[in-house]
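Any read-out appearing in this document is the output of simple, stated calculations on the displayed coordinates, not a laboratory observation. Values in this document were obtained by computation on a predicted structure and should not be read as measured data. Heads up, the Cβs are rebuilt from the backbone with ideal geometry, glycines too, and the neighbour counts pull from every protein chain shown.
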Number of protein chains: 2
Amino acid sequence: MATRLDPAARRDQILAATLRLVARDGFARVTLRDVAAEVGVVHGLIRHYFPTREQLMAEAFDAAVLAELEGDEEVAERVEPVEALADWLTTTPRDHYFVWIDAWSEAHRNPELLAALTRHHRDCERRLARIIERLAESGRGASDDPAADAKMLTALVDGVAVQHHAIDLIGRAEADRVVYTAAEDRLGLERGTLAASRPTAARGQWAADASPVAATAGPRADRRD
Amino acid sequence: MATRLDPAARRDQILAATLRLVARDGFARVTLRDVAAEVGVVHGLIRHYFPTREQLMAEAFDAAVLAELEGDEEVAERVEPVEALADWLTTTPRDHYFVWIDAWSEAHRNPELLAALTRHHRDCERRLARIIERLAESGRGASDDPAADAKMLTALVDGVAVQHHAIDLIGRAEADRVVYTAAEDRLGLERGTLAASRPTAARGQWAADASPVAATAGPRADRRD
DNA sequence: ACCGTTCTTGTCCGTATGGACAACAGCTGG
DNA sequence: CCAGCTGTTGTCCATACGGACAAGAACGGT
């Protein structure tokens, strides 16, 4: 059925499929058979690459964390701090956030996941703090305590993302507006500065192949053994 | 085994047990047998009260929303706005938040749950906006747009709650500090005002009986049929 | 051309779940 | 005291899951 693949390629394929399904169905509901069907192989094959369901999930989430943060670092260091800030604070693609929200709800009963989440969150705060620092150095903004400002803004971004993605209470425009306004007030920027410098491109992708996370995966189909 | 109970009492008992288990294991993992074991009855009895698992979950979540918001309204109207604000912005008990976070991750595949969440969120924002309004009227604070301030602070509270409860990155003291500082800046209060007026008592309870949510439910026990 | 490696499949098993149902038991009204 | 209602139990069933394993098929080195 499925053509024989390079082991590494198949692994990545399985991890990408797992992330798609987690975004759609949640960590707890994704079964090995689901993943196999999404990839187009027999469910026994999954076990050939991942000894247990838990390990699959753990590696999939690790891959997500890794992919989300890779590369941006030096790039962000070169662009104007105001632009970098506007980019960082803009809302993330929906399917990504579904995975994060699911991870939050799963973290307190999965220590590995909690560790990965903690590392990821610290990374996010650190990068944002660095942007704020550069903003203050450039004289275009002000901050007494970049770390504290970063922590507050990170929390705000997550909270707004919940309102936007999970509850669907506000649209993307308003989500950005809420965060931008708060950031401008906090960092001594004039109102509207951030919206004006928002770059056009969206942030990174997930899967190993070029397709976005939720490319496949229509309404949950029936499965067989 | 279990003594014959008043139907309404047994219903409430089942709903309370369900919420306890959802806080511990998540919506997706709670089984009818789990609930029955938690209550101390046979799993067939659950079906006598709730025709299907989905309905049980839906009603349990409705009960949670209802219990969380009931009563406080007129009470909040009588206390000093600064004190009411400090109370409203302080972090909610942990087990409650686990249910909310789980609900967020479940909402996009459960329309009823999404509707309940939306209503709840709107209620929260409305109440906070009312407090901010009274604060401005009293002259002790200022707000150009109470609704916008309420939306931003609600998002911040949720985001901080994630950092505090889900990721366990910050403690309760720091969680309150982050929110209080942001609120004070936004509403023209002097730094420290909110921390100084935090009331002593915590917010409401859930279950029908007096016990807190996670009273029972140690580390997940083995079950039998 | 052969042969070992390993990617891949098909099938089996024990377990757990949601749901259905008949029998039992305690309460209430006549 | 009896009959009916209903809360409660125990048991059964079809399904689906994670995991295990042996057999098949493609690939690579010699």
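Give the whole-number value, in cubic angstrom per residue, of the convex hull volume spanned by the C-alpha atoms of chain A.
Details: hull volume 28.9 nm³, N = 225.
Considering the Cα atoms of chain A, their hull volume per residue is 129 Å³.
So, in nm, how far is label B:Val79 from label B:Arg172 when the simple model puts each one 7 Å beyond its Cα toward the Cβ?
In this crude spin-label approximation the distance works out to 1.5 nm.
Neighbouring Cβ atoms within 10 Å as the yardstick, rank B:Phe50, B:Phe61 fewest first.
On the way: B:Phe50 20, B:Phe61 26.
Exposure proxy ranking, most exposed first: B:Phe50, B:Phe61.
Expressed as a whole percent, how much of the Cα-Cα distance distribution for region A:7-63 exceeds 17 Å?
21 percent
I need A:Leu32, B:Leu19, A:Leu189 ordered by Cβ neighbour count within 10 Å, fewest first. The partial results should precede the final answer.
Numbers: A:Leu32 18, B:Leu19 26, A:Leu189 21.
The most exposed by this proxy come first: A:Leu32, A:Leu189, B:Leu19.
Give me the net charge of A:Ala195's neighbourhood, meaning all other residues with Cβ under 13 Å from the Cβ of A:Ala195; Lys, Arg count +1, Asp, Glu -1.
Working: positive: A:Arg172, A:Arg177, A:Arg191, A:Arg198; negative: A:Glu83, A:Asp87, A:Glu174, A:Asp176, A:Glu184, A:Glu190.
Charge balance near A:Ala195 sits at -2.
Cut-off 10 angstrom, C-alpha nodes, Gaussian network model of chain B. Which of B:Arg11, B:Arg191, B:Arg78 fluctuates the most?
Checking each option, the largest mean-square fluctuation is seen for B:Arg78.
Grab the beta carbon distance between B:Asp123 and A:Ala147, set R0 = 25 Å, and tell me the FRET efficiency rounded to 0.05.
E(calc), rounded to 0.05, equals 0.15.
Would you compute the Debye intensity of the protein assembly as shown from its alpha-carbon atoms alone, equal scatterers and no solvent, and pass along log10 I(q)/I(0) at q = 0.11, 0.12, 0.14 Å⁻¹ to two decimals?
Cα-only, vacuum Debye calculation for the protein assembly as shown: -0.93, -1.09, -1.38.
Taking 0.36 nm per residue of separation and subtracting the Cα-Cα distance, what length does fully extending A:Ser138 through A:Arg109 add?
This chain segment gains 6.1 nm when fully extended.
What distance in nm separates the two pseudo spin-label positions at A:Asp185 and B:Arg33, each 7 Å out from Cα along the beta-carbon direction?
Roughly 5.3 nm, to one decimal.
Output the 0 to 90 degree angle, nearest 10, between the alpha-carbon long axis of helix A:7-25 and the longest principal axis computed from the alpha carbons of chain A.
Computed tilt is about 70 degrees.
Using a label point 7 angstrom from Cα along Cα-to-C-beta, what distances in nm, from shortest up, separate B:Glu74 from the other copies?
Nearest first, the other copies' label points are 6.7 nm away.
Exactly which GluC sites (Glu not before Pro) in region B:59-101 are in a DSSP loop and have at most 12 other Cβ atoms within 10 Å?
B:Glu70
Find the all-direction average of the projected area of the Cα convex hull for region A:65-196, expressing the result in square nanometres with one decimal place.
Approximately 7.9 nm², given one-decimal rounding.
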